[in-house]
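The values are calculated or read from the model by the stated rules, or taken from the named source; none is laboratory data. Keep in mind that this is a model prediction, so the values were computed, not measured. We place every Cβ from the backbone using ideal geometry, glycine too, and count neighbours over all the protein chains shown. Ligands, DNA and RNA are stripped out before the accessible areas are found, and what is left, the full protein with its side chains, is counted by its heavy atoms. Shrake-Rupley method; radii C 1.70, N 1.55, O 1.52, S 1.80 Å.
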Amino acid sequence: MGHLLSKNGYRLKKRTRKLNHRKKKKRNCFLQGPCMLCFIVHSNSSGLDDDSHLEASINGNGFGIGAAAASKFAERYVTLGPPEDCSKFLLSPRELALWEGQGRSLLSAVPAKLIPPPALFRTAGVSVTLPIPVPVPVCKRKCSEVHRCTPSKQPRCAFTTPDGGLENGGMGGGREEAPSNSETGHCHLPLRSLPSSSSSSSASSSSSSPADGCCGLGLHADLAHSSDSSPCCLHHYDDCQARNSDAADHLSINHLPSSILLKVLSHLTVKERCLCASLVCKYWRDLCLDFQFWKQIDLSGLQQVNDDLLVKIASRRQNVTEINISDCRGVHDHGVSSLASHCPGLQKYTAYRCKQLGDTSLLALAAHCPLLVKVHVGNQDKLTDEALKKLGEHCSELKDIHLGQCYSITDEGVVALARGCPKLQRLYLQENKMVTDQSMRAVAEYCPELQFVGFMGCPVTSQGVIHLTALRNLSVLDLRHISELNNETVMEVVRKCRKLSSLNLCLNWSINDRCVEIIAKEGRSLKELYLVSCKITDHALIAIGQYSSTIETVDAGWCKDITDQGATQIAQSSKSLRYLGLMRCDKVNEETVERLVVQYPHIVFSTVMQDCKRTLERAYQMGWSPNTSNTS
């Protein structure tokens, strides 16, 4: 009674009396907001007294019933199954008797799929699409506009503020805001839609199919997404949006599948993977240690590579199939031997310019790696015939070997290698001063599948070269700087080797115009012809343009007798020519070359000036400019 004795007691009592009076006067349908059931009841049962409706009304501030009563209604509503039960729950006995007396089925007159959940059990601002045209009803309640929000996939809320109605001045709940769930103390119950009077398939489709609004009003809402447009979900939606934005900000390349990351890292060199990528994080370190990166190892030019590193690689990665240690001065025979003993599946071994390596490394490879198909050991002075003999004994699958500038190799080692490797396809020797015609004879006899043969600078003669005519699959022949090579031998090789596509005769002064003419006539598959520093004139170039329809590359650099006439006529007559080398052909004027460049843009003319222009043009394309260059 303290408030009655206070100064403002009469005013407080008067305010309370007004609120009670307002509550008593205001009676609404149990379903807040315009619903099909409300329209049907009011339009067809106008003679009924409003007091006969269910006395569970909603006041202007939100809910007129307490939390306990709301919970009971919710629990009862959730357990309803058939449409008849839902209708009985929502209509009074007098209204049910009237409908049944008129012989109209509740299932046809009031489809359950058109009955929205009561205001206690549904979210605010939700309307239902009504495809059935009905007479224009008159709703006895005012409504406010729907508060629209962006739909999102959020957990459904059972008790939300029923402050929304329909768009476009439609019919809905009161304009006053209702208290939130936390203020009213209502518990959250799962949203349950009323069962449909039609089949289950039509019921599922009716919740998602758009329809025109009732009475000309667009009721654009969906029961399946009714909770998404709830104002009580706005805060939760904003939180999820913020989390999504934070997650997007924290996305990184590590979120990609490991297979894609491995593909990305495969484009890096071993140095980039080991010294850069593997230091990013532990995950990248594990990716860089993937076995597929260590099947083909390229360590060429890395001075940090030593025997200990090769031992670690061999002990941890025993599936190595290819390794390149060219120019690695810290690698010795011990490291290569350890690698060979741990990697029996090694197939390709490359070690150019490793002068510190000797026979021990190659002996270990031959003993432990019988599947070797490629061995490139050019410029190793310590290699001898013993290593070649061991390769011939144990590596019968060998197909490609490079022994250039291994000055200690003799005919004995080459013959043993040829006998033991009948599948040999590529053999390159350069400046091997102790390799003679005997080696060439053995190669032609024991290796019939040879396709690439090179004897540059070796002391072989025409008597040894003539044996190459037995190689029917020969496609590339390098005979540069052969001191005793005559024209007849070259012409015979071209006639017999019909698959020959590239012939290198540079630095052979014995080659003349007649030999080139025969080559042009007989070389049906020939595409490349190198004649640098040969004794040829304009007649050789004219014969190439006149007789050959396959030659695409001709290099006649340093041929002092070539003039403007030969360069012009080969460009005019040859239909297959794409490259003409005229480097240091002093009798060819630069003005003539400029004119030929304009007239025959499909041909690349190589001179000092033209090469300088192309180099400068490539520099400009790469972003170079004279202003940014360093001047000394």
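If you scan segment 495-510, which residues turn out to be touching a helix residue (DSSP H, G or I) at 6+ places or on another chain (Cβ under 8 Å) and farther than 21 Å from LEU429 by Cβ?
Applying the first criterion (touching a helix residue (DSSP H, G or I) at 6+ places or on another chain (Cβ under 8 Å)) to segment 495-510 yields 495-497, 500, 503, 505, 510.
ARG495, LYS496 - these are the residues of segment 495-510 that are touching a helix residue (DSSP H, G or I) at 6+ places or on another chain (Cβ under 8 Å) and farther than 21 Å from LEU429 by Cβ.
Applying the set (1) at pLDDT below 95; (2) within 20 Å of ASN504 (Cα to Cα); (3) of a type in the set (Gly, Ala, Ser) to GLY623 leaves exactly one unmet item: (2). Within the set of pairs 6 or more residues apart or between chains, which connect a residue that is under 12 Å from GLU449 (Cβ atoms) and in a loop (DSSP other than H, G, I, E, B) inside segment 467-481 to a residue that is of a type in the set (Val, Ile, Thr) and open to solvent by less than 10 Å² (accessible area, probe 1.4 Å) with Cβ atoms less than 8 Å apart? Pairs that qualify, where the first residue is under 12 Å from GLU449 (Cβ atoms) and in a loop (DSSP other than H, G, I, E, B) and the partner is of a type in the set (Val, Ile, Thr) and open to solvent by less than 10 Å² (accessible area, probe 1.4 Å), are LEU471/VAL453; LEU474/VAL453.
Can you give me the number of residues within segment 584-607 that are within 45 Å of the chain's Cα centre (by Cα) and surrounded by 13 or more Cβ atoms within 10 Å (Cβ to Cβ)?
Count: 7.
Contact map, segment 273-293: residues that are more than 18 Å from GLN318 (Cβ to Cβ) and of a type in the set (Ser, Thr, Tyr) paired with residues that are open to solvent by less than 40 Å² (accessible area, probe 1.4 Å) and assigned to a helix (DSSP H, G or I), Cβ distance under 6 Å, separation 6+ or inter-chain. Pairs shown: SER278/CYS288.
One line per residue, one yes/no per condition, for (1) assigned to a strand (DSSP E or B); (2) polar (S, T, N, Q); (3) assigned by the TED database to the domain that holds THR607:
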site	(1), (2), (3)
VAL494	no, no, no
VAL516	no, no, no
ILE542	no, no, yes
GLN546	no, yes, yes
THR550	no, yes, yes
CYS559	no, no, yes
ALA571	no, no, yes
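Name every residue in segment 411-446 that is buried (at least 23 other Cβ atoms within 10 Å of the Cβ) and part of a helix (DSSP H, G or I), in order of residue number. If the condition is that a residue be buried (at least 23 other Cβ atoms within 10 Å of the Cβ) and part of a helix (DSSP H, G or I), then GLY413, VAL414, LEU417, ALA418, SER439, MET440, VAL443 are the ones that fit. In the set (1) at pLDDT 95 or above; (2) assigned to a loop (DSSP other than H, G, I, E, B), SER408 fails one condition alone, (1). Applying the set (1) more than 22 Å from ALA387 (Cα to Cα); (2) modelled with pLDDT of 90 or more; (3) out of contact with any helix residue (DSSP H, G or I) (no Cβ under 9 Å at 6 or more places or on another chain) to SER326 leaves exactly one unmet item: (1).
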